[in-house]
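See structure below.
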Amino acid sequence: MILSTLNWAIYSVLLKRLHIQLPSLVITFYMCLIGFTLTTPFLIRNRGWEKMPFLTSVEWAHLLFLGVFVSGVAYWYWAKALEVLEASQVSVFLYLEPVATLVTAILLLQEKIIPVSILGGIIIIMGVILVNGRLLTFLESLPWRNKNL
């Protein structure tokens, strides 16, 4: 997990610093192509194609979701964000992943909402706001803030 985090940080900084003159969608395509090329030998070595006919429709739907949204759209938006923000600002949004996972688990898997999860989500969101220097703007926009003070 630590190596994955380090790899992601290097990817984000390089993508920002290299100033690649290609649209973010093209960059995402090449990144996915490289990932596919690097993982294909493992598919071949483990004879993964033999197991593909036995996948259920639910498993195919999961693979499609991972391929399109997680590996495609998410990386595309990440590259788009790096076009307009610094890599350090964009990387802070990775911390929102557990919050998105929690909301998705509640909506799709009917997971129970527990107080510690809500507290953790609030802490994460406040941390992202604080790191991006938007804490004062956020506090001033709260509806219960007394405007007459």
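Some observations on this one:
- Which listed residue is under 24 Å from PHE36 (Cα atoms) and touching a residue at least 60 places away in the same chain (Cβ under 8 Å), from ALA79, ALA74, ALA87: ALA79
- Segments classed as helices (runs of 4 or more DSSP H), wholly inside the range 79-135, with at least 2 members that are of a type outside the set (D, E, K, R) and open to solvent by 100 Å² or more (accessible area, probe 1.4 Å): 97-109, 115-131
- LEU25 open to solvent by 70 Å² or more (accessible area, probe 1.4 Å), touching a residue at least 24 places away in the same chain (Cβ under 8 Å), of a type in the set (A, V, I, L, M, F, W, C) and touching a Lys or Arg at 6+ places or on another chain (Cβ under 9 Å): yes
- Hey, LEU18 under 26 Å from LEU94 (Cα atoms) and free of Cβ contacts under 8 Å to residues at least 40 places away in the same chain or not: yes
- Yes/no for PHE42 being loosely packed, with under 13 Cβ neighbours inside 10 Å and hydrophobic (A, V, I, L, M, F, W, C): yes
- Matching residues, the range 50-71, being part of a loop (DSSP other than H, G, I, E, B) and among the charged types (D, E, K, R): LYS51
The values are calculated or read from the model by the stated rules, or taken from the named source; none is laboratory data. Bear in mind the structure is a predicted one, so any value in this text is a computation, not a measurement. Please note: Cβ atoms are built from the backbone with ideal geometry, for glycine as well, and neighbour counts cover all protein chains shown. Accessible surface is based on the protein model in full, side chains and every heavy atom, while ligands, DNA and RNA are left aside. Shrake-Rupley method; radii C 1.70, N 1.55, O 1.52, S 1.80 Å.
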